[in-house]
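The values are calculated or read from the model by the stated rules, or taken from the named source; none is laboratory data. Keep in mind the model is a prediction, meaning the values are calculated, not measured. No Cβ is skipped: glycine too gets one built from the backbone with ideal geometry, and neighbour counts run over all protein chains shown. Each accessible area value is taken on the protein alone, full model and side chains, heavy atoms only, with ligands, DNA and RNA left out. Shrake-Rupley method; radii C 1.70, N 1.55, O 1.52, S 1.80 Å.
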Amino acid sequence: MDPRALKDELACAVCLRVYQDPVTLPCQHSYCLKCIEGVGAQSADPRGFECPQCHQKFNHRPSLERNFTLEECSQLQLPSDSACVLCEYCVENPTTAVKTCLKCETSFCSLHLKSHLVKEVYKDHALIEPVADLRHRQCLDHKKLLEFYCKDDEECVCVSCAIIGKHKSHTLLSLDQAQAAIKEELEREFKKLRDDQQNCFSKQRDLERSEAEIKTRINELKGKLSKSFSEWRRKLEEDEESTLKLIDEEGLRALKQIRSYSEALNKRMEQITLIDGETQTLVQREPLSFIQNSKQLLCRATDTQRVTEPDVPALTLNLSNVSQLIQKSLNGCEKYHSDILEIIRRRSLSLDPKTANCNLALSDDLQSVTWTGYKQPYPSHLERFKRYPQALCSQSFSSGSHFWDVETDGSSWGMGIVCGSIEREGEKSILGNNDKS
């Protein structure tokens, strides 16, 4: 039956929707329980009742019989664009099918299915969930049901394919046997996939740890460099102040010398000018006065000549102290430069979880490790040490000089430097017991 027609058959005449708790009146017309009770409550005659469809009147409120067939059908999903599997024996009152028999190729409701469940003759009939179209379960060549699985060609076949068809000499399994075998194969493949998934998960966790470690390292490095550059700037400012002060002091010393020489020269020139002026006045006098005063003037001229003329050297800035200070500052700059390079080059080592033996517990920051008597739930990994409690670091070095400060506790511990290709199991995997460490 067309699902649209079935949906119309299941519509209540009062609410025009699919039945909810359907009941039937003595006149055999059905309604939703709430709908018919509502009709009765609104009746003008409290002593009588009338069917909304046939208008048959009842002197007393009639008994409402539960319609189980409609109730079962009303629970079906009936979208307008899909098919509904109905019992092929329910003609007058369509009922939803509960099983489909593959041998009979027929769908049954719960009532008509009883014979298949109780009669011996039907015991070998295979029952499945209701199927509207069985053609996809039939052989395309013989139009018979697919009952076997050809292991050679990996496809389902019918009995004719197995006896007279192209699969007659092939290895055949029942569908149950094939299902069990394929389930085992799927389980094996899924186990591999789950192992791959676990491996991916482990690698993802390693990446997350690496991301966190790099972010932490960046913040630490920036903090240390900021501190170093701040110290460097402070030292440069101090050096600038000291250098400028030395230049000012040296400048003052040189200028003081210049002023001292200049004052001595000016004083001598003033004396000479004074004597010259007196001489010009004296020569204008009459002879007696000239002779009497010339002796004193000659003495003064002679005394002035006897005073040594200042020897003015080539005066320049003596910046030797400044040069020494600058050189010292430059040496300090080189130290700061090397310190900064050391900060950048220095790296904190972190332990590699995929190499840690299962008896080693790693800290969350991967900076410390502790031996434990309990196996840790680490995933299997080719790089993990199998027998001895050892773990490698994530970082590696190919050159240069390196040192690390390590804090230890307990009575037994060991450290070593190894090649990444060291064996992971056996006696040669012990640190120091091979040519790789």
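Taking into account only those residues within the stretch 271-329 that are outside any loop (DSSP other than H, G, I, E, B) and charged (D, E, K, R), which is farthest from Ile258 (Cα to Cα)? So the residue we want is Lys295. If you go through the stretch 172-184 and keep only what is exposed (fewer than 11 other Cβ atoms within 10 Å of the Cβ) and at pLDDT below 90, you end up with just Asp176. Look at the stretch 206-231: where a residue is under 20 Å from Thr355 (Cα atoms) and touching a residue at least 24 places away in the same chain (Cβ under 8 Å), no partner that is assigned to a helix (DSSP H, G or I) and among the hydrophobic types (A, V, I, L, M, F, W, C) sits 6+ places away or on another chain with Cβ atoms under 8 Å.
Listed residues Leu265, Leu246, Leu298, Leu255; which is within 30 Å of Ser228 (Cα to Cα) and either open to solvent by less than 100 Å² (accessible area, probe 1.4 Å) or among the aliphatic types (A, V, I, L, M) (or both)? So that I can check it myself, show each step before the final result.
Details: Leu265 fails: within 30 Å of Ser228 (Cα to Cα); Leu298 fails: within 30 Å of Ser228 (Cα to Cα); Leu255 fails: within 30 Å of Ser228 (Cα to Cα).
Going through Leu265, Leu246, Leu298, Leu255 in turn, just one is within 30 Å of Ser228 (Cα to Cα) and either open to solvent by less than 100 Å² (accessible area, probe 1.4 Å) or among the aliphatic types (A, V, I, L, M) (or both): Leu246.
If you check Ser368, Ser394 for being in contact with a Ser or Thr (Cβ under 6 Å, 6 or more places away or on another chain), hydroxyl-bearing (Ser, Thr, Tyr) and surrounded by 11 or more Cβ atoms within 10 Å (Cβ to Cβ), only one passes: Ser394.
Among the residues that make up the stretch 159-170, is at least one of them touching a residue at least 12 places away in the same chain (Cβ under 8 Å), open to solvent by 90 Å² or more (accessible area, probe 1.4 Å) and not acidic (Asp, Glu)? Talk me through it step by step, then tell me what you get.
Filtering the stretch 159-170 down to residues touching a residue at least 12 places away in the same chain (Cβ under 8 Å) leaves 159-162, 165, 167, 170.
If we keep only those that are open to solvent by 90 Å² or more (accessible area, probe 1.4 Å) as well, we get none.
Among the residues of the stretch 159-170, not one is touching a residue at least 12 places away in the same chain (Cβ under 8 Å), open to solvent by 90 Å² or more (accessible area, probe 1.4 Å) and not acidic (Asp, Glu), which makes the answer no.
Are any residues in the stretch 116-131 surrounded by 12 or more Cβ atoms within 10 Å (Cβ to Cβ) and assigned to a helix (DSSP H, G or I), and if so, which ones? Give the steps one after another, and end with the answer.
Of all residues in the stretch 116-131, those surrounded by 12 or more Cβ atoms within 10 Å (Cβ to Cβ) come to 116-117, 122, 125-128, 130-131.
Listed by number, the residues that qualify are His116, Leu117, Tyr122.
Given the residues Leu113, Leu140, which is the only one that is open to solvent by 100 Å² or more (accessible area, probe 1.4 Å), more than 48 Å from the chain's Cα centre (by Cα) and free of Cβ contacts under 8 Å to residues at least 24 places away in the same chain? Outline the logic, then answer.
On the way: Leu113 fails: open to solvent by 100 Å² or more (accessible area, probe 1.4 Å).
Just one listed residue meets the conditions, Leu140.
Quick one: would you say Phe148 is over 27 Å from Leu134 (Cα atoms) and either touching a Gly at 6+ places or on another chain (Cβ under 7 Å) or surrounded by 11 or more Cβ atoms within 10 Å (Cβ to Cβ) (or both)?
Numbers: over 27 Å from Leu134 (Cα atoms): no; either touching a Gly at 6+ places or on another chain (Cβ under 7 Å) or surrounded by 11 or more Cβ atoms within 10 Å (Cβ to Cβ) (or both): yes.
The answer is no for Phe148.
Remark: Ile275 matches the filter, which requires a residue to be among the hydrophobic types (A, V, I, L, M, F, W, C) and over 30 Å from Leu351 (Cα atoms).
Can you find a residue that is among the polar types (S, T, N, Q), at pLDDT 85 or above and surrounded by fewer than 16 Cβ atoms within 10 Å (Cβ to Cβ) anywhere in the stretch 28-35?
Of the residues in the stretch 28-35, the ones among the polar types (S, T, N, Q) are 28, 30.
Still in the running and at pLDDT 85 or above: 28, 30.
So of that shortlist, the ones also surrounded by fewer than 16 Cβ atoms within 10 Å (Cβ to Cβ) come out as 28.
The answer is yes, given that some residue of the stretch 28-35 is among the polar types (S, T, N, Q), at pLDDT 85 or above and surrounded by fewer than 16 Cβ atoms within 10 Å (Cβ to Cβ).
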